[in-house]
Structures are given as C-alpha cells and as structure tokens.
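Structure, as structure tokens:
The values are calculated or read from the model by the stated rules, or taken from the named source; none is laboratory data. Only a predicted model underlies this, so the values are computations on that prediction, with no experimental measurement involved. For neighbour counting, all protein chains shown are included, and Cβ atoms are generated from backbone atoms with ideal geometry for every residue, glycine included.
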Amino acid sequence: MNTPSRTPSRLARTTLALLAALATALATLVAVAAVPAEADSTTIDPQRLERGPDATAAYVDGHTIHDGGTTTRVRGGSVQLLGTRPDGRYVVLVHRDDRWQVRAQKPEGSSRKILGDVPGSFDVVLGGDGTTVVTGRFKSRPRRHTLLRAYDSTSGVLLGTRQRQGYLNPLDADSSTVVYAAENGPVVAWDLASGTGDRVSRRYGYRADLEDDRLVVFTKDPYEGGCTRVSLLSDASQVLWRSCEEAVRAISPDGSHLLTVFLLSDGLGPSEVHVRTVEGEETGRYEVDGFFERFLFEDGDTVLLGAVTRESRGLARCDAGDCELASDLGRGEPWL
C-alpha cells in the first residue's frame, strides 16, 4: 500500500506563494495609504497672478486694515490687528503716546480706547470668539513671573487675574476660559468664574482653538529634536497629526485644516508653506522666490499668503494648488 506523501504538490506550493505575495502587496498598499499624500508644488509670483476679488479675511498692512474691499486707516506709530469683535468692530493693538493701547476700531470710522498701557504685541491676544482680551505682563524681579489679566473686549471690565512663576503665553480665550502655556509646559485652561486652572497638556503649547477643540504643542524644544503634535484640546491624548519637520502657523476657521512651515523657520519668513488637513494630508504646497510675510485662512481650506519677491509683493488666494491675486500689487524687495 502506498503512503500518501506529506510534501506539498507543485500546485499547492504555487498557490501558497501567490497568496503570500498577495498578502505582502496588500500590506504594502495599506502602509502607503497610511502615509499622508503630498501635493504638487505651486510657485507664486504676485505680478503674474490673475486679479481676483479682494480678500474677505481682515488683515493689516502698515496702518491700514483691509477687509473685503473696505479699507480703514488706524492712527498710531505701530498697528497690530488682534481680531474682530462680535459687533463687527476691529480690535487693534496700537502704539500711541509712548505706550501700547488696545482700541476698538470702527470700520472706516473712529476708534475708542479699551485698555491703556498694556504689554507689547507678543503678550496681548483677542480670543477666537472676539469677546475677551488677555494680556500677560512678565517681570523678572523679585522672581520670574507673569501676571495674566482677562478683560471684556467691549467694556474693558476686568474678568480675572492669574499670576504664576515663569513666562506664560496666552493662546486663546472666550468669555469663560483662557488657555495659556507656560514656557516649558504645561498648557492650562483657566476658568474665569472659579479662578481655577486645569492642566490640559504637560507639553509646551503654541496654538489653541477653543471653539474647534484644537491644540498644537511641541513635544520638546524643536532645536533639540522636538516635534509638532496636533490634538484635541479637550483630550490631548487624542493625537490628530504629528510632524518632526513642520510647525503650525495657522488653524482654519472651522478647525479642519492647518497652514504649516518648516519647523525651524525664522528670520523674514519661509519660502515654502504647506496646507494640510488636521490628519496630515497635504492639500497644497506653495513656494515663492523670496519669502512669505503673511499667513491667513479665508475659509476652511482657502489660504491667503503674503508673497514677497524682488519685483513685487501681494496677497495670493490659494486653494488646492490654484492661486489668484487678492490684493493690489505692492513694491518688492530689490535686495532679494
């Protein structure tokens, strides 16, 4: 009697090999699909762009606020647009009479002082909903500490104060909460009603959006190998995207997209920017033979980029690689 062979037949061996190859191919496809897609690069030259409508997101150029074709001149030695209040008035930080002031500026009209003698421009923010102004005053003596103050953006009424050691950076606020970051972490949500603070993340935070539940942190000093991490503000353990090559410069109004630049960008401005979904998929990449000086979202996925070249400068409106001019052309920088 013949004993059946336990050696697989040629057909069986071939079938097993094909199945193994198919499994490997599927695994490769899954791995590739998990890597965020990259967009083709678009080079922006302002003087070659077709003129489109004026930008509908407000921005300041020198002493003038531009907003959808409306221009408002602001009096002062230096002007920074903090945002817009619910009543439509701009909130501006202005250097007047040798001190910084926060003022409410009526479009195409007059202004009214909200706060006088506030810290410099890096220490004053208007919350995303436009209701609350937060200032941070740092003092090195007798011990390094920062005094945070929150004010109603309409009346100027003081809503609360909080003092902690070290340098504190206010990130966002609404009528009930201020989110701030300590210089080496943590990120704290300060409740204005109770005066208490809850730790949101132990990392150093540099962007936050209360309305859309977004938090952006560095895992550690980026000059020492730190990376960017984007998560939910309500639960920082829910990471949406991570990058060790890019930093976030802006979050879209609906929280769905990010505008990013090279992690260690400094100086005049970067020459390349990326637009990504919060999960990291790249939907646009833009370059300029010069530098970008302005970074804004006009809507959920359309960006406004202030491009500067040797010959000209202008605000480019870009969406998915297509760009048009959203401002008048200005003079370039011949030294580039």
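The table for this structure:
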{"item": "Residues of region 267-288 satisfying the condition of being farther than 19 Å from ALA39 by Cα and surrounded by fewer than 18 Cβ atoms within 10 Å (Cβ to Cβ)", "result": "GLY267, LEU268"}
{"item": "Residue check, ARG149 within 26 Å of the chain's Cα centre (by Cα) and part of a strand (DSSP E or B)", "result": "yes"}
{"item": "In region 62-77, the residues that are touching a Ser or Thr at 6+ places or on another chain (Cβ under 8 Å) and either farther than 14 Å from GLY109 by Cα or without any contact (Cβ under 8 Å) to a residue 40 or more places away in the chain (or both)", "result": "THR64, GLY68, THR71, THR72, ARG73, VAL74, ARG75"}
{"item": "Any chance ASP266 is assigned to a loop (DSSP other than H, G, I, E, B) and of a type outside the set (Gly, Ala, Ser)", "result": "yes"}
{"item": "Single residue of GLY314, GLY306 found to be closer than 14 Å to ARG48 by Cβ and in a strand (DSSP E or B)", "result": "GLY314"}
{"item": "Residue list for region 210-226, filter: part of a strand (DSSP E or B) and within 15 Å of THR277 (Cβ to Cβ)", "result": "ARG214, VAL216"}
{"item": "Residue match in region 130-149 (condition: over 27 Å from ALA193 (Cβ atoms) and in contact with a helix residue (DSSP H, G or I) (Cβ under 9 Å, 6 or more places away or on another chain))", "result": "no"}
{"item": "Qualifying residues in region 304-329 (those that are small (Gly, Ala, Ser) and modelled with pLDDT of 95 or more) - the one surrounded by the most Cβ atoms within 10 Å (Cβ to Cβ)", "result": "ALA307"}
{"item": "Residue tally, condition among the β-branched types (Val, Ile, Thr) and either surrounded by fewer than 20 Cβ atoms within 10 Å (Cβ to Cβ) or at pLDDT below 95 (or both), over region 175-225", "result": "3"}
{"item": "Residue among VAL60, VAL91 that alone is farther than 21 Å from ARG317 by Cβ and not aromatic (Phe, Trp, Tyr)", "result": "VAL91"}
{"item": "Identity of the residue in region 150-170, surrounded by 15 or more Cβ atoms within 10 Å (Cβ to Cβ) and either of a type in the set (A, V, I, L, M) or in contact with a helix residue (DSSP H, G or I) (Cβ under 6 Å, 6 or more places away or on another chain) (or both), that ends up farthest from GLY205 (Cα to Cα)", "result": "LEU159"}
{"item": "Filter result for GLY300 (of a type in the set (Gly, Ala, Ser) and in a strand (DSSP E or B))", "result": "no"}
{"item": "Flag if ARG229 is of a type in the set (D, E, K, R), touching a residue at least 24 places away in the same chain (Cβ under 8 Å), part of a strand (DSSP E or B) and touching a Ser or Thr at 6+ places or on another chain (Cβ under 8 Å)", "result": "yes"}
{"item": "Scan of region 60-79 for residues that are surrounded by fewer than 18 Cβ atoms within 10 Å (Cβ to Cβ) and outside any loop (DSSP other than H, G, I, E, B), ordered by number", "result": "THR64, THR70, THR71, ARG73"}
